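Note sheet for the following structure.
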Amino acid sequence: MSSKFKGILDRANERKAEPQPEAVEAVAPPSPAPFAPPLAKKRGRPSGKRSDREFVQTTAYIHKDTHRNVKIALLKSGTDQDFSELVDTLLAEWLKVNG
């Protein structure tokens, strides 16, 4: 039984054996215009904390019940504060007292 890739290899070898056309001299593309209009605002999601150099991702282990109850309390509060912002605020306050 021959390899299932034998046909591909044979065609590649045939191309190598064929005489190659002479190289055409490359022409440099025209230089860009000296003044370009400003780029339009990008569509889609805004960049988040992951791409912000002021933030660092960390891992902490907390009880499942604590995590769930905090998430529920944040949702009920009606503010836009997320879990990581709450943790950051609490750690900053801890540093004020203990730092």
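Every number here is computed from the coordinates shown, using simple stated rules; none is lab data. Every value quoted in this text rests on a predicted model; they were computed, and no experiment measured them. Heads up, the Cβs are rebuilt from the backbone with ideal geometry, glycines too, and the neighbour counts pull from every protein chain shown.
Exposure proxy for S2, S77: other Cβ atoms within 10 Å of each Cβ, ordered fewest to most, give S2, S77. Listed by chain and number, the lysines whose alpha-carbon sits under 24 Å from that of K71, ignoring those within fewer than 8 places in the same chain, are K49.
Of all lysines in the structure, those lying under 21 Å Cα to Cα from K6, and not within fewer than 8 positions of it along the same chain, are K16. Within the same chain, aspartates and glutamates fewer than 8 places from K76 are excluded, and of the rest, those with a Cα less than 20 Å from its Cα are D65, E85, D88.
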